[in-house]
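One structure below.
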Amino acid sequence: MTGITYSKIALGLALYSGLYAQSFSVEKQSLEEAIKKIAIESHMPYIADGKLLQGKMAPKIDAIEGVKNALDKLLQGTELEAVIENDTIIIREKNSNVALDAITIHAAEQSSITEGTGSYTTPQTSTATKLTLSLRETPQTVQVVTRQTMDDFGLNDMKSVLALTPSVTTTTADSDRNNYISRGYTMKVQYDGMPSGSGIDGGVVTAPDGAIIDHTEVLIGASGLLNGAGEPGGVVNIVRKRPTAEPYASVEASVGSWDTHRVVADASGALNESKSIRARVVAVGEEYDSFRDYLGGKKQAFYGIIEADVSESTMLSAMVYYQNIYDTTADRNGLPTANDGSDLHWSSSTLLAPSWNKWDKESLTTVVKLDQELPKDWKLKVSASRMKADADWLFGNYYGFDSDTGDATFYRWGQESEEVSRDVDLFLSGPVAFLGREHEFIFGGNWSKRTLDDINYGDNTYITTNLYTFDPTTSVPYPNLVLSGNGSVVTKQEGIYSAARLSLSDSLKLIIGSRASWYDYSYTDSDGYDERMKEDGELTPYAGLVYTLNDWASAYISYADIFNPQSVKNASGSLLDPEVGKSYEAGVKGEFLGGKLNTSLALFKIIKENEAILDESVPYDATNICKGYCYNASGTTETKGFDISFAGELAENWNVLGGYTQYQKESFDATIKVFKIASTYFMPTLQTTLGASIDAATKSVGTWGQTVDDRTLVGLFAKYQVNKNLYIKLNVENLFDETYYANAMNSGYGNLYYGDPRSFTLSMKYTF
């Protein structure tokens, strides 16, 4: 929504002070967009009559100190002036006494959009509680990867985004799927703040392309208040791009190692003169091979969104996203270990899979939203989405590898899968004055239904071959598949939640909330297997206390319950009880340079009961009572550690994102340590930006896994701004060509996958 008309201006509108000597740089663009950029960077809302700004252009300004000075420079020759009152920017005609109730208030402080800001941080998020809070006001660890960070380091998919995100560990499940771990546990996903019944990156559902993403907000720790059932690893909130009021268009093309070619086109703007209807489209085309023999594929994606201000207080939006990823050759095996679990040191290019393997994934997502402003600053937001994904798989997988002889047996199979996920989320939020103070409340609920239907095919003949002399084109012939069965999974989740931010004093804020969840799971197949699980009205309370120490630092503590139903069985065929537990966190957060730099230090402890532990006494068997692996429930397990993170601008033109995480989990044999940092520096006189990144980690997977040696991956980045419209950029990953395994979490079972060796990507982007 471009703006909201109010009859009065509340003094509480301003959340930050913006009168310090900041330095502002703005490219030549529309005056409205230039003012918006300065408002966002200074963390102040601005007030303006849109008619005064319409059709006016702003000149380029470079390194102008002070909000007022920068605005005066933008407004030269326009007969307009900028006034700052109560930490609010007012744009008006010179010597004007126009009534404020006829002016649009642009709620810059409520916008977390990062595109166009050039920042590595954001003024506020709402992922933890749906309350719009600054990072310093949020009593949990939140990491943000902005659009600028994604552009600089070429983060074109969620794997690369989360690989750069502090506190998160990425591991490879196979040639297509990835696992995302935080504090030892998996993570859930939201889209624009709406919980999703599907995962981030799976066999049927795939994460969206990076070209459609504005930024990601990653809540670290338990997220049951808004997301219901789940592990205490956290949630990844993928915030998609929105339309712009002013015309925008760009084309980006890149070439990279292993015959990677990629093109992105992005266009946005208003569809009518009043700019009340805005739209955006993004199209992506990509082809790629791999450092591994025979692997390769292609991707196509299309994103379209339209927003309409149907009144001064109502906005409707609709979005569609289509994506197809077709891997002409794929791998579900990886590389085996020796009989004793030791490394056989395979060549990183080795593929132990038939060249006829394939994996074709297609998805279509549609979303509709309503944003309604209500009296007395209350708001109603309703979102509904439907995602349909189809996958067509064909694989040859080996088992029974004997490292003494090299022999292994291949079974060949195929699968057609369809997943449909429907999600609805609605909430009401607003302030309430009580006992002389203003407090914030939120009431809401969400519902999701996920169905997954599989049709399975198999070849009843098995092929024994030697992996030491394996040839992907000849060792395993193409299968003669026959129908072998089908299965269906239905998962329903419903929940109602409420939260409040109570102002106990000027310095002390209490955030409390609770959720009641209903969970219903069923699995049936053509063999007569029928498994059902149901949980009703499970309560997950949440509480956080934030104390403002001074103008730039806050201390906090928080608590959250954990509730996670399990669909795995023990060797006797009984479903394991739900995982339950508690998550504790305490820390200190800092906000420097008027919010341009955010820092965080957090200590955490997670106590969980009934965690599923693999039963190594029962070998894998797809026909046994467990339908594969069997598990036992642990007693009480404890995970404890700390996070340090920092993001934003260290000094003028110097951006940084980084952090260090260390924790111990009782089921692991070693302490997990992960250090990440990415930093860039812009040199105005040379119109050049240079940057580097480091991802250093030690990982262990516990009693049944394999400890992996330390690894340190270094990346480099250079960008030259040819002119105001065109830049050329070079990214280098794994600069020192370090050899490492990308799936330490699973390596004990013989499915090792090497991480990417050194790679180069050259790209150019032209903005019209």
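The values are calculated or read from the model by the stated rules, or taken from the named source; none is laboratory data. Please read all numbers here as calculations on a predicted model, not as lab measurements. Positions of Cβ are backbone-derived with ideal geometry, glycine not excepted, and every protein chain shown enters the neighbour counts.
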Meets criteria (surrounded by fewer than 19 Cβ atoms within 10 Å (Cβ to Cβ) and within 23 Å of residue 724 (Cα to Cα)) for residue 37: no
Any strands (runs of 3 or more DSSP E) falling wholly within region 682-759 and containing at least 1 residues that are in the same structural domain as residue 408 (by TED's automatic domain parsing), of a type outside the set (D, E, K, R) and at pLDDT below 90: 688-699, 708-721
Breaking point among (1) surrounded by fewer than 18 Cβ atoms within 10 Å (Cβ to Cβ); (2) in contact with a helix residue (DSSP H, G or I) (Cβ under 9 Å, 6 or more places away or on another chain); (3) not in a strand (DSSP E or B), for residue 590: (3)
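How many residues does region 570-587 contain that are of a type outside the set (Asp, Glu) and assigned to a loop (DSSP other than H, G, I, E, B)? First the steps, then the outcome.
Of all residues in region 570-587, those of a type outside the set (Asp, Glu) come to 570-576, 578, 580-584, 586-587.
Subset that is assigned to a loop (DSSP other than H, G, I, E, B): 570-574, 576, 578.
The qualifying residues number 7.
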Residue selected from region 293-311 under the condition in contact (Cβ under 8 Å) with a residue 60 or more places away in the chain and among the charged types (D, E, K, R), by the criterion surrounded by the most Cβ atoms within 10 Å (Cβ to Cβ): 307
Output for region 29-61, where each listed residue is at pLDDT 80 or above and assigned to a loop (DSSP other than H, G, I, E, B): 56, 59, 60
Selection from region 319-340 of residues that are outside any loop (DSSP other than H, G, I, E, B) and either more than 30 Å from residue 254 (Cα to Cα) or of a type in the set (S, T, N, Q) (or both): 323, 324, 328, 329, 335
Residue identified as surrounded by 22 or more Cβ atoms within 10 Å (Cβ to Cβ) and without any contact (Cβ under 8 Å) to a residue 60 or more places away in the chain among 185, 191, 180: 180
Boolean, residue 383 is modelled with pLDDT of 95 or more, in the same structural domain as residue 420 (by TED's automatic domain parsing) and either among the small types (Gly, Ala, Ser) or surrounded by fewer than 17 Cβ atoms within 10 Å (Cβ to Cβ) (or both): yes
From 392, 377, 371, 407, residue being touching a Pro at 6+ places or on another chain (Cβ under 8 Å) and acidic (Asp, Glu): 377
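How many of the residues making up region 195-227 are in a loop (DSSP other than H, G, I, E, B) and under 25 Å from residue 640 (Cβ atoms)?
3
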Within region 560-574, tally of residues that are more than 15 Å from residue 231 (Cα to Cα) and surrounded by 17 or more Cβ atoms within 10 Å (Cβ to Cβ): 2
Residue match in region 642-657 (condition: assigned to a strand (DSSP E or B), at pLDDT 90 or above, buried (at least 17 other Cβ atoms within 10 Å of the Cβ) and β-branched (Val, Ile, Thr)): yes
Residue tally, condition modelled with pLDDT under 70, outside any loop (DSSP other than H, G, I, E, B) and within 34 Å of the chain's Cα centre (by Cα), over region 1-28: 4
Residue that is farthest from the chain's Cα centre (by Cα) [pool: residues in region 126-185 that are among the aromatic types (Phe, Trp, Tyr) and part of a strand (DSSP E or B)]: 185
Meets criteria (of a type outside the set (S, T, N, Q), buried (at least 18 other Cβ atoms within 10 Å of the Cβ) and part of a strand (DSSP E or B)) for residue 492: no
Every pair of residues 6+ apart whose Cβ atoms lie under 9 Å, when the first sits in region 154-170 and is over 22 Å from residue 598 (Cβ atoms) while the second is aromatic (Phe, Trp, Tyr) and surrounded by fewer than 24 Cβ atoms within 10 Å (Cβ to Cβ): 154/717
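Could you tell me which residue of region 593-628 is modelled with the highest pLDDT, considering only residues that are part of a loop (DSSP other than H, G, I, E, B) and of a type in the set (Gly, Ala, Ser)? Can you show your working first?
So the first thing to find is which residues in region 593-628 are part of a loop (DSSP other than H, G, I, E, B), and the list is 596, 610-611, 615-620, 622-627.
Imposing the further condition that a residue be of a type in the set (Gly, Ala, Ser) reduces the set to 617, 622.
Working: 617: 83, 622: 69.
Among those residues, the one meeting the criterion is 617.
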Inter-residue pairs, beta-carbon under 8 Å, first aromatic (Phe, Trp, Tyr) and in region 502-521, second part of a loop (DSSP other than H, G, I, E, B), 6+ apart: 519/228; 519/229; 519/565; 521/565; 521/567
Sole exception among (1) modelled with pLDDT of 90 or more; (2) within 23 Å of the chain's Cα centre (by Cα); (3) crowded, with 16+ Cβ neighbours inside 10 Å for residue 554, by number: (2)
Any hit, region 451-473, residues being outside any strand (DSSP E or B), surrounded by fewer than 16 Cβ atoms within 10 Å (Cβ to Cβ) and of a type in the set (A, V, I, L, M): no
Any hit, region 360-370, residues being buried (at least 16 other Cβ atoms within 10 Å of the Cβ), aliphatic (A, V, I, L, M) and over 30 Å from residue 474 (Cβ atoms): yes
Test result for residue 561, in the same structural domain as residue 602 (by TED's automatic domain parsing), in contact (Cβ under 8 Å) with a residue 12 or more places away in the chain and not in a strand (DSSP E or B): no
Restricting region 66-91 to residues that are assigned to a strand (DSSP E or B) and within 34 Å of the chain's Cα centre (by Cα), the residue that is surrounded by the most Cβ atoms within 10 Å (Cβ to Cβ): 89
Residue within region 617-638 that is among the charged types (D, E, K, R), touching a residue at least 40 places away in the same chain (Cβ under 8 Å), crowded, with 21+ Cβ neighbours inside 10 Å and in the same structural domain as residue 736 (by TED's automatic domain parsing) present: no
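One line per residue, one yes/no per condition, for (1) of a type in the set (Gly, Ala, Ser); (2) in the same structural domain as residue 755 (by TED's automatic domain parsing); (3) outside any strand (DSSP E or B):
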position	(1), (2), (3)
229	yes, no, yes
254	yes, yes, no
262	no, yes, no
267	yes, yes, no
275	no, yes, yes
281	no, yes, no
300	no, yes, no
Region 508-543, residues that are in contact with a Phe, Trp or Tyr (Cβ under 6 Å, 6 or more places away or on another chain) and either of a type in the set (Lys, Arg) or more than 14 Å from residue 563 (Cβ to Cβ) (or both): 508, 513, 515, 531, 543
